[in-house]
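Q: The structure follows.
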Amino acid sequence: MILKKMKKRFGALALSKDFVKVEQIIEALTIQVRENIEEKKNRPIGEILLQLGYINSQEIKELLEPRFEQRFGEVAVSKGFITLGHLVQAMTTQVHEEAKSGDHRLLGEILIDLGFMTASQVNEVLNDMKR
């Protein structure tokens with residue numbers, strides 16, 4: 001399945017600028033996903049990295065872009081297609097791959113490769129996100 005490549009996310013940009021390490025991004029993403037799903041919070045990854053002491057406010061200003069779209073993983077979990085654990089595993093894979101190769105693979109593609117979602121489920125999530 002071929003999905004259109006999207007702009008890099010905040011964490012990936014911070015990683016590419018060597019502001020943070022892979023393990024720090026994974027820790028922050030795990031916190032973010034858990035809060036999004038369990039507590040209905042929607043804290044930006046930059047705020048979490050700042051709170052953890054992994055990034056400073058100047059680095060955040062350098063990387064910050066407005067983000068208004070719903071996140072793919074949140075929609076997939078809310079629709080019951082994947083679990084929080086599946087999402088964290090896919091995000092971990094995404095961060096490791098990007099750190100190793102510099103390529104940003106979309107979560108939908110990773111979730112299909114891991115066998116957690118079907119192509120039709122990915123398309124349904126993408127269609128919901130466009131509404």
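Q: I'm trying to understand the selection: among the residues of segment 120-131, which are exposed (fewer than 13 other Cβ atoms within 10 Å of the Cβ) and assigned to a helix (DSSP H, G or I)?
A: Of everything in segment 120-131, those that are exposed (fewer than 13 other Cβ atoms within 10 Å of the Cβ) and assigned to a helix (DSSP H, G or I) turn out to be SER120, ASN127, LYS130.
Q: Of all residues in segment 44-65 being free of Cβ contacts under 8 Å to residues at least 12 places away in the same chain and not in a helix (DSSP H, G or I), which is surrounded by the most Cβ atoms within 10 Å (Cβ to Cβ)?
A: So the residue we want is ASN56.
Q: Condition first: at pLDDT below 95, surrounded by fewer than 20 Cβ atoms within 10 Å (Cβ to Cβ) and in a helix (DSSP H, G or I). Now tell me which residues in segment 99-114 satisfy that.
A: ALA99, LYS100, SER101
Q: Only one of MET91, MET117, MET129 is in contact with a Gly (Cβ under 9 Å, 6 or more places away or on another chain) and at pLDDT below 95. Can you tell me which?
A: Going through MET91, MET117, MET129 in turn, the sole match is MET91.
Q: Looking at segment 85-98, can you tell me whether even one residue there is assigned to a helix (DSSP H, G or I), more than 25 Å from SER16 (Cβ to Cβ) and not aliphatic (A, V, I, L, M)?
A: Looking for residues that are assigned to a helix (DSSP H, G or I), more than 25 Å from SER16 (Cβ to Cβ) and not aliphatic (A, V, I, L, M), one finds at least one in segment 85-98, hence yes.
Q: On to the next question. Suppose we filter segment 12-28 for residues that are without any contact (Cβ under 8 Å) to a residue 60 or more places away in the chain, among the hydrophobic types (A, V, I, L, M, F, W, C) and part of a helix (DSSP H, G or I); how many remain?
A: Number of matching residues: 3.
The values are calculated or read from the model by the stated rules, or taken from the named source; none is laboratory data. The structure presented is a predicted model; accordingly, all values stated were derived computationally and were not measured. Ideal geometry is used to build each Cβ from the backbone, glycine not excepted, and the neighbour counts take in all protein chains shown.
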